[in-house]
Amino acid sequence: MSKVWFITGTSTGFGRQFVEQLLQAGDKVVATARKLDAIQDFKALAPERAHLAALDVTNKEQIQSAVQEAVDVFGKIDIVVNNAGYGLFGMLEEYTDEQIRKQFDVNVLGVLNVIRATLPVFKSQGSGHYVNFSSFFGAWSMPPYSIYAASKFAVEGFSEAFETEFASFGIKTTIVEPSVYATAFFADSLDQTEKKQEYAPLYEAYENGFSNMKIGDPAKAVQFIISAVNSGNPPLRLPVGSQAAYTIRDAYTKRLEEINTWIERSAEAD
């Protein structure tokens, strides 16, 4: 039986790959984007199984409207993919208040807005699955992505709690943690600060490291994520790509080593 997927941010990158692959597989998709012109081609792929809805994740009225459309058209929602988001690039003192606020409005509150709008649907069905996009930056941080990483740490934090909160209603939660992929993240979707010269050595170090990174194929990443969601026993956290898996493992290992170094002294503070 085909499933109904509700996906945010489908105009480019992972979101677009989700829609194309799911429609090809015979599923039904509610594809959302801020500008419907950017996703009109989805209707040609499967006119009866693709529904398009305008949705800005910072606009609660649009979210409610899109969710209602999904239920009206397909009768249910099986999986919500909270994919919409963008990156913020810079050093802490370079960010403006507006940039920081917008990053959290989209990457954190936007996900929460969609979850709160769809939760009544999942509860009434007694089933559902949230697929919340984090990043390998949701497990570790580095300049110049401090605020972006903070937004993804937030997604990890509330998603982990929601897994337990929602489980009794038959609702699953998966946190997706991709590494670096060939999406619009490093192009049109990336917001940048006005750089201060004193941080030039840090920017140079970042550029040198980035040049050695393996850039992944979004199609393969989404194929892997879909297979995990459909596996019947999806994990809470899903690193996507070898770089994500190794980086996250190394970050956790270093954290454990530091805890073990201080655990006896920490116990003295009881």
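The values are calculated or read from the model by the stated rules, or taken from the named source; none is laboratory data. Note that the structure is predicted; figures quoted are calculated from it, not measured. No Cβ is skipped: glycine too gets one built from the backbone with ideal geometry, and neighbour counts run over all protein chains shown.
Couple of notes before you dig in:
- Number of the exception - GLY138 against (1) out of contact with any Lys or Arg (no Cβ under 7 Å at 6 or more places or on another chain); (2) crowded, with 23+ Cβ neighbours inside 10 Å; (3) without any contact (Cβ under 8 Å) to a residue 60 or more places away in the chain; (4) over 14 Å from VAL80 (Cβ atoms): (1)
- Positions within the range 13-69 being assigned to a helix (DSSP H, G or I), in contact with a helix residue (DSSP H, G or I) (Cβ under 6 Å, 6 or more places away or on another chain) and among the β-branched types (Val, Ile, Thr), in sequence order: VAL19, ILE63, VAL67
- Enumeration of residues in the range 40-63 that are surrounded by fewer than 18 Cβ atoms within 10 Å (Cβ to Cβ) and within 20 Å of the chain's Cα centre (by Cα): ALA54, THR58, ASN59, LYS60
- If the condition is being of a type in the set (A, V, I, L, M, F, W, C) and touching a residue at least 12 places away in the same chain (Cβ under 8 Å), then the range 169-201 contributes PHE169, ILE171, ILE175, VAL176, VAL180, ALA182, ALA184, PHE185, PHE186, LEU190.
- Of the residues making up the range 5-35, those that are more than 18 Å from ALA219 (Cα to Cα) and surrounded by 15 or more Cβ atoms within 10 Å (Cβ to Cβ) are PHE6, LYS28, VAL30, THR32, ALA33, ARG34.
- Of all the numbered requirements in (1) of a type in the set (S, T, N, Q); (2) touching a Gly at 6+ places or on another chain (Cβ under 7 Å); (3) surrounded by fewer than 14 Cβ atoms within 10 Å (Cβ to Cβ), THR183 misses one, and that requirement is (3).
- In the set PHE185, PHE158, only one residue is within 15 Å of the chain's Cα centre (by Cα), assigned to a helix (DSSP H, G or I) and at pLDDT below 95; that residue is PHE185.
- Complete set of residues in the range 111-133 that are under 18 Å from GLY15 (Cβ atoms) and among the aromatic types (Phe, Trp, Tyr): TYR130, PHE133
- In the set (1) surrounded by 15 or more Cβ atoms within 10 Å (Cβ to Cβ); (2) farther than 26 Å from PHE104 by Cβ, PHE158 fails one condition alone, (2).
- Across the range 207-232, the number of residues qualifying as assigned to a loop (DSSP other than H, G, I, E, B), more than 25 Å from GLY128 (Cα to Cα) and of a type in the set (Gly, Ala, Ser) comes to 1.
- Residues considered: GLU204, GLU258. Of these, the only one that is farther than 22 Å from TYR86 by Cα, assigned to a helix (DSSP H, G or I) and at pLDDT 95 or above is GLU258.
- Residue check for SER141: part of a loop (DSSP other than H, G, I, E, B) and in contact with a helix residue (DSSP H, G or I) (Cβ under 7 Å, 6 or more places away or on another chain): yes
- Answer residue from the range 122-135, given it is over 15 Å from GLU165 (Cβ atoms) and crowded, with 18+ Cβ neighbours inside 10 Å and is nearest to the chain's Cα centre (by Cα) among those: PHE133
- Restricting the range 233-255 to residues that are in a loop (DSSP other than H, G, I, E, B) and either at pLDDT 95 or above or touching a Gly at 6+ places or on another chain (Cβ under 8 Å) (or both) leaves a set whose member that is surrounded by the most Cβ atoms within 10 Å (Cβ to Cβ) is GLY241.
- Residue count for the range 1-12, restricted to those that are at negative phi, part of a loop (DSSP other than H, G, I, E, B) and under 15 Å from the mean Cα position of the chain (by Cα): 4
- Close pairs from the range 29-49: first touching a residue at least 24 places away in the same chain (Cβ under 8 Å) and farther than 18 Å from VAL71 by Cα, partner surrounded by 15 or more Cβ atoms within 10 Å (Cβ to Cβ) and among the acidic types (Asp, Glu), Cβ under 9 Å, at least 6 apart: PHE42/GLU20; LEU45/GLU20
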